[in-house]
């Protein structure tokens, strides 16, 4: 599996077509906007979705809430791209676990591309608890374990570079260092591509 991890997908959208073997018009994207369910204003999700449509991708809306793993597996069977949009990372992880999406994702083939935008990028790292000063854990009352999906070996810190959040980010980076965790900061116009392989991942 390849990973395109971003803060705001729409800002770096030109990178996705470089990773696919077909034209966008031939690729179905499983678009998962579940993380934004806790917010009234979901315009940030619409921006990413609209950009994918502009690029020609076929969009299949997939909602993790109240879904089960068997249905999800069928829904995503023909999707070459799995897109997990932004929102609250704790609520997202809660619904990922309840739906079985984490198990399905770990089974997908090497040709599938995972795209994360903001919370969707944090999800695949080893620990989402690092960002508890950026997102509210109380939005996920059923979530007791903040271990991420561990599909990459570092925690993405999205939206880096805004002066008003600098102290929070520096505290998060120190906390990560103390815990022996690696981090990767991403500004709103930055991205990282990761190619997974047996035993780990590499940029």
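In table form, for the structure just shown:
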| read-out | value |
| --- | --- |
| Segment residue 41-residue 195, length gained on full extension (0.36 nm per residue, minus Cα span) | 52.1 nm |
| The chain: angle of helix 89-99 to the longest principal axis, Cα-based, in degrees nearest 10 | 50 |
| Considering only segment 2-202, percent of DSSP beta bridges that pair antiparallel, nearest 5 | 30 |
| Extension gain, residue 159 back to residue 54 (0.36 nm per residue minus Cα-Cα distance, nm) | 35.4 nm |
| Cα shape, segment 48-123, gyration tensor, a/c 1.5 rule | oblate |
| 0 to 90° range, to nearest 10: angle between helix 166-179 axis and the chain longest Cα axis | 90 |
| FRET efficiency, 1/(1 + (r/R0)^6) with R0 25 Å, evaluated for residue 138 and residue 167 via beta carbons | 0.70 |
| Rounded, prolate or oblate (a/c below 1.5 giving rounded, otherwise prolate when a/b exceeds b/c) for the chain by Cα gyration tensor | rounded |
| Alpha carbon convex hull of segment 1-59, projected area averaged over orientations, nm² | 4.3 |
| For the chain, calculated [θ]222 nm from helices alone, where every DSSP H run of n ≥ 4 adds -39500 (n - 2.57) | -8500 deg cm²/dmol |
| Per-peptide average of other Cβ atoms within 10 Å, ordering 153-163, 66-76 highest first | 153-163, 66-76 |
| For peptides 5-11, 23-29, 130-136, sequence by mean Cβ density within 10 Å, most packed first | 5-11, 130-136, 23-29 |
| Cβ-Cβ FRET estimate between residue 20 and residue 106, R0 fixed at 30 Å, reported to 0.05 | 0.90 |
| 0 to 90° range, to nearest 10: angle between helix 43-55 axis and the chain longest Cα axis | 40 |
| Spacing of the two label points (7 Å from each Cα toward its C-beta) at residue 182 and residue 75, in nm | 3.2 |
| Peptides ranked, highest mean first, by Cβ atoms within 10 Å: ranges 139-151, 111-123, 46-58 | 111-123, 46-58, 139-151 |
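Computed from the coordinates by the stated procedures, all read-outs in this text should not be read as laboratory data. Computed from a predicted model, the values in this text were never measured in an experiment. FYI the Cβ positions are ideal-geometry reconstructions off the backbone, even for glycines, and counts take in every protein chain you see.
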